[in-house]
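The values are calculated or read from the model by the stated rules, or taken from the named source; none is laboratory data. This structure is a prediction, so every number in the text was calculated from the model and none was measured. A quick note on method: Cβ atoms are made from the backbone with ideal geometry, for glycine too, and the neighbour counts reach across all protein chains shown. In case anyone asks, the SASA skips ligands and DNA or RNA and just uses the protein heavy atoms, side chains included. Shrake-Rupley method; radii C 1.70, N 1.55, O 1.52, S 1.80 Å.
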2 protein chains.
Amino acid sequence: MSQTKESKIDVLVIGAGPAGLMCANGLAKAGVKVRIIDKKSNKISAGHADGIQPRTIEVLQSYGLADRLLRDACQLHMVAFWNPGPNGGIERTDKTRDVSVPTARYPFEATLHQGEIEQIFVDSMLDAGVAVDRPIYPFALEMSKDVAILADPNAHPIRVHLSSPDGQVDTEIVNAKFVVGADGAHSWVRKTLGIDMTGEQSEYIWGVVDMVPETDFPDIRYRCAIHSHNGSCMIIPREGDLIRLYIQLSDKDALDPSTGRVDRDKMSPEMLLEVARKSLYPYKIGTPKVFEWFTIYIIGQRVASRFSVQERVFIVGDACHTHSPKAGQGMNASMNDSHNLVWKITHALRGWADMSLLKTYEYERRKFAQDLIHFDKEFSALFSGKPRTEENQNGVSHEQFSQAFRTFGAFTSGIGIHYAESAIVNAKHQSVAKDLIIGQRIIPQILIRVADARPFELQDLLPADTRFKVLIFAGDITNVAQRMKVDKLGEEISKPESFLNKYSPGGEWKKVFDMLAIVSGKKEQVEYTMLPEFFRSHWSKVLIDDVDLTGRQGGKAYTSYGIGPSGAVIVVRPDGYVGFISPFDSIRDVDDYFASFMKVPS
Amino acid sequence: MSQTKESKIDVLVIGAGPAGLMCANGLAKAGVKVRIIDKKSNKISAGHADGIQPRTIEVLQSYGLADRLLRDACQLHMVAFWNPGPNGGIERTDKTRDVSVPTARYPFEATLHQGEIEQIFVDSMLDAGVAVDRPIYPFALEMSKDVAILADPNAHPIRVHLSSPDGQVDTEIVNAKFVVGADGAHSWVRKTLGIDMTGEQSEYIWGVVDMVPETDFPDIRYRCAIHSHNGSCMIIPREGDLIRLYIQLSDKDALDPSTGRVDRDKMSPEMLLEVARKSLYPYKIGTPKVFEWFTIYIIGQRVASRFSVQERVFIVGDACHTHSPKAGQGMNASMNDSHNLVWKITHALRGWADMSLLKTYEYERRKFAQDLIHFDKEFSALFSGKPRTEENQNGVSHEQFSQAFRTFGAFTSGIGIHYAESAIVNAKHQSVAKDLIIGQRIIPQILIRVADARPFELQDLLPADTRFKVLIFAGDITNVAQRMKVDKLGEEISKPESFLNKYSPGGEWKKVFDMLAIVSGKKEQVEYTMLPEFFRSHWSKVLIDDVDLTGRQGGKAYTSYGIGPSGAVIVVRPDGYVGFISPFDSIRDVDDYFASFMKVPS
């Protein structure tokens, strides 16, 4: 009788798509012992998801990964709306900014082949010594029912049985503290846990084709929403000269009449292009020598009933939500699930946070997924619906569609995501910075580092390094009265019972927190040595809200956040979302905020 | 009798400092067969040159190398002037932008350890399959005297004998088409060629020390020029927490009385710091646990009498000019020598340009080196001179010094470099774009790509890829009269006898040239398909001088270049310098420009 190999790991990630890789990379960079496995022998090489929304670029940047994305990706700045025109053709009704959210740091969408995006994570993880184990199949998962074990972050309550692709079972049993199922729409983890998907299939059938076009259509490098006399299609420009066409299909084009299911064999890319050609009339589009990729799908809009079992096994990405790809949300929602989860698992594993912190993952991300489905239903119905024409006065008008496009802009960009109140989102003192919404991501700002007058994007000073960021908006420290308040604040925060010391192992607060002081005033009149020493643990930690030396940027943080001369203390979560705001004289409320989910180190 | 190995190469670069590496990398990326050798076993690990001026960052960016520099380097945005104050101490007289040239794309200096800068090139070259051969000593150089051979770019008129460091002579003889001596101030190549250095040694002795300071001096992260009652010093912040101190020394501190030469053994970093401490009084600076590096030098200001022999062997960098390091020019001048030379050698080797093109290297760079020495003398004298105080009314006043600092700003930033008229700099039609100076580098501009509304920095569309860039400022093409002129221009340029076809091997003009069309007007009203097909060889080649979709940037090219509604044709050299400007109706003058140094392919 052969002995099955047993191994131990902190976190086992199952599935190496964008959600799984984001998770494994984040954990690896945080120093967590993580293993990531995948069934496939190789990463995908064409097609699949490819849209990266503005907020997702910000998130990638917070992991130091945006440069490469931006170097290689296509940028979508403009969207054009085309509608039925005279003589059976189409005419442009409008063109406008693709991303109109005013606070967007990256005011565009990016598109890049999914395999390339995955490679960015793979290369990054490799620096931390983690590679994808493939091909490996999980085939059984057991979890302890012992309440004490489940409550202990150091226990390994989960046993996952692995097999090799040749079908030889039980090649290995992994004992994991946590498991993350990132194994896609047909998630084995979800099914094994018996989690339902709720929602339904829509009636809309779409085809997708990736190709390099030869065309006289002038907007071929814009994102285009085209409603014609002869059906609808969407153009998504991609890296290099590639474009993706989303093409609405009729039942007879795509369904197998005997089963009512989509029959991919009924369609070829040539046939899809022929349908698109009718929409684009009177513009012409040639048949390329090669089609990069194509597929057909029916929009399914479903959300998992739970995102976790006992907060020890989680599902992320397509495993917990599916929706239409046309709004470019899939990969973004997936990666942001993992971004939300990584720091929570890390804090729980380190024993810094209470295990209850992990409940906020499902709380925050399931609500988001539901909002996403809601949006997707409205948007898909508008997009897939017949356009209004002279003959069809009940159709969708351009005004309706473009209004919806704008209304949903904040949501589709990812920037409007607003996590509801919980232990980690507490809006008690929202009024102290009324325009910096608690529960939303920190709004980008250019600030000037006092010691060397170098401009920085605030977001770049708040990397996804698992630390909470405490921003001290100190006001005008050349004003004696305000300076005294800042001194007093420093005394309060440096007390042993203050959050900064109380929740830091061995008093080493820089492991758990980073602290930046942001003063108002003119850079010519402020020196970093003017601040109390406590607030300048390093010369780089003092910033001023002033224009930079070129006069081109900066100086808008206090006003755009709505912070008055009395200043404010702002707590930014490790994932870049505002968790708490406090006036100076309620600094003990910051202690209470952290007390609601942090643990005093033993 | 053993046979010495013989090898052949297009270009042999001797010396792998910044000048040699810039040269080898540029040639390697251009596809030239290049070999680079160095005497040292390893690259340097501390100290030495480290300042990167704004224009040099632009140049590195044109090779795709600026991102890494900017990621790792320290940025100097502010300069502070300190002068003798009350009670024997110093006081800040002024602080201002370190780089005040309005057209600077990177409005700061960067500092980074020379070894790191070298590594950027080493890694880049490796992608092109070239690595530094070390340690290898050259010990003899012979050159053919045959005029016909010297005139043939495909001949190998130079034989360089190499030896290994164990003294075993003639391990190899390299037969090279061209040799570049980048072997430093004590250049073996220069001495072997019998080229003199002209100029003299100054009377000023300086010490340099690199360290992490502990200090209450508030401007420790600014570039500082400090003139005190007790001597002068300069602070240059560096990467991480490092700073460099330049400290003026007296003869007795630094000279060996028996020889009158600098005696490095007379000084220690502790002693240098002690001298600096006197200048910084009343501010304090602690003694660090370790000193990163230190040295002592006398400013020598010399230029080689020739930069080349027969335009087959060239010298670049410190081999042809030495000067004081305090203005941060050394490495910049060196790298820009190579940048100037690389495309010229490449074009000569390919048989595209006449060998006479190579004469412009010395013509352009020797004049620059002389200007540099001129500047350096004035600046060093001002800096090393005694400051004006109550007791010393003949000393250098702050106004004098700061005035000089500003006057020389354009020069020290590298942005003001102006190559004089020659075959490749022809100012005949300067009036057509009166503010874009022919002989200077192309001024940065944000332009919008018409097809996808994406903003681009024009400089990024003109990479150092050895091609000439032809910029067609087409004006308002929605105006019928102007559009007709653009059509006519396209017809003229596409003729067989036009430069575009005449100087392109096999008519493949995209090998030698790139062509961009830049229209004026509003992006909402222009489509890239509106331009004659000839001017849009690819959808990416049409740009518009308009603000971007955020309204934050762009739309200033025509006005800042001084181009009117009739448009202009601008020829940018492969190194990013404006070579020629023509109005539409003198397009045959562009033919003449190229005829003066290009060859009709055989």
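Some observations on this one:
- Residue match in segment A:495-504 (condition: touching a His at 6+ places or on another chain (Cβ under 7 Å) and more than 17 Å from A:Phe584 (Cα to Cα)): no
- Look at (1) of a type in the set (Gly, Ala, Ser); (2) over 30 Å from B:Lys278 (Cα atoms); (3) touching a residue at least 12 places away in the same chain (Cβ under 8 Å) and you find that B:Ala148 fails only one, number (3).
- For first residues located in segment B:462-487 and closer than 30 Å to B:Trp343 by Cβ, partners that are among the β-branched types (Val, Ile, Thr) and assigned to a helix (DSSP H, G or I) and lie 6+ apart or on another chain with Cβ distances below 7 Å form the pairs B:Thr466/B:Thr346; B:Ala474/B:Val486.
- Residue list for segment B:296-323, restricted to those being within 29 Å of B:Gly240 (Cβ to Cβ) and at pLDDT 90 or above: B:Gly317, B:Asp318
Quick grid of which residues meet (1) open to solvent by 50 Å² or more (accessible area, probe 1.4 Å); (2) under 21 Å from B:Leu549 (Cα atoms); (3) more than 14 Å from every other protein chain (Cβ to nearest Cβ):
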| residue | (1), (2), (3) |
| --- | --- |
| A:Ser62 | no, no, yes |
| A:Val79 | no, yes, no |
| A:Thr93 | yes, yes, no |
| A:Ser163 | no, no, yes |
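- Residue match in segment A:453-464 (condition: over 27 Å from the mean Cα position of the chain (by Cα) and modelled with pLDDT of 95 or more): yes
- Selection from segment A:432-464 of residues that are assigned to a loop (DSSP other than H, G, I, E, B) and open to solvent by 50 Å² or more (accessible area, probe 1.4 Å): A:Lys434, A:Asp435, A:Ile437
- Inclusion of A:Leu500 among residues that are touching a residue at least 60 places away in the same chain (Cβ under 8 Å) and either buried (at least 19 other Cβ atoms within 10 Å of the Cβ) or within 14 Å of chain B (Cβ to nearest Cβ) (or both) is not warranted.
- On inspection, B:Ala104 fails the criterion of being in contact (Cβ under 8 Å) with a residue 40 or more places away in the chain, out of contact with any Ser or Thr (no Cβ under 8 Å at 6 or more places or on another chain), open to solvent by less than 30 Å² (accessible area, probe 1.4 Å) and within 13 Å of chain A (Cβ to nearest Cβ).
- Qualifying residue in segment A:377-385 (condition: outside any loop (DSSP other than H, G, I, E, B), under 30 Å from A:Lys177 (Cβ atoms) and assigned by the TED database to the domain that holds A:Val313): no
- Residue tally, condition over 18 Å from A:Tyr281 (Cβ atoms), open to solvent by 60 Å² or more (accessible area, probe 1.4 Å) and either at pLDDT below 90 or assigned to a strand (DSSP E or B) (or both), over segment A:182-235: 4
- For B:Arg552, the test of being modelled with pLDDT under 95 and more than 19 Å from B:Phe473 (Cβ to Cβ) is passed.
- If you go through segment B:541-558 and keep only what is part of a loop (DSSP other than H, G, I, E, B) and away from chain A (no Cβ under 12 Å), you end up with B:Asp545, B:Asp546, B:Gly555, B:Lys556.
- Among the residues of segment A:161-180, not a single one is under 30 Å from A:Arg244 (Cβ atoms), free of Cβ contacts under 8 Å to residues at least 40 places away in the same chain and not in a strand (DSSP E or B).
- Considering residues of segment A:296-310 that are open to solvent by 30 Å² or more (accessible area, probe 1.4 Å) and not in a loop (DSSP other than H, G, I, E, B) only, the residue nearest to A:Gly181 (Cα to Cα): A:Arg302
- Pick from segment B:107-127, criterion within 14 Å of chain A (Cβ to nearest Cβ) and not hydrophobic (A, V, I, L, M, F, W, C), ranking: surrounded by the most Cβ atoms within 10 Å (Cβ to Cβ): B:Glu109
- Going through (1) open to solvent by less than 40 Å² (accessible area, probe 1.4 Å); (2) not assigned by the TED database to the domain that holds B:Glu116 one by one, B:Gly240 falls short only on (1).
- A:Tyr283 meets the conditions (1) closer than 21 Å to A:Ala381 by Cα; (2) over 33 Å from the mean Cα position of the chain (by Cα); (3) within 14 Å of chain B (Cβ to nearest Cβ) in every case but one. The failed one is (1).
- Test: residue in segment B:517-534 that is within 14 Å of chain A (Cβ to nearest Cβ), more than 25 Å from B:Arg588 (Cβ to Cβ), open to solvent by less than 10 Å² (accessible area, probe 1.4 Å) and over 31 Å from the mean Cα position of the chain (by Cα): yes
- Flag for A:Ile345 being over 15 Å from A:Gly579 (Cβ atoms), at pLDDT below 95 and assigned to a helix (DSSP H, G or I): no
- Restricting attention to segment A:209-220, the residues that are within 11 Å of another protein chain (Cβ to nearest Cβ) and closer than 23 Å to A:Leu382 by Cα total 2.
- Residue, modelled with the lowest pLDDT, within segment A:386-424, restricted to residues that are touching a strand residue (DSSP E or B) at 6+ places or on another chain (Cβ under 6 Å) and within 27 Å of A:Lys367 (Cα to Cα): A:Ser402
- Checking each residue in segment A:25-42 for being at pLDDT 95 or above and either more than 22 Å from the chain's Cα centre (by Cα) or of a type in the set (Val, Ile, Thr) (or both) picks out A:Val32, A:Lys33, A:Val34, A:Ile36, A:Ile37.
- Considering segment B:465-486, and only residues there that are under 19 Å from the mean Cα position of the chain (by Cα) and buried (at least 17 other Cβ atoms within 10 Å of the Cβ), the residue that is farthest from the other protein chains (Cβ to nearest Cβ) turns out to be B:Phe468.
- Residue list for segment A:243-288, restricted to those being without any contact (Cβ under 8 Å) to a residue 24 or more places away in the chain and either of a type in the set (Gly, Ala, Ser) or crowded, with 20+ Cβ neighbours inside 10 Å (or both): A:Ser258, A:Gly260
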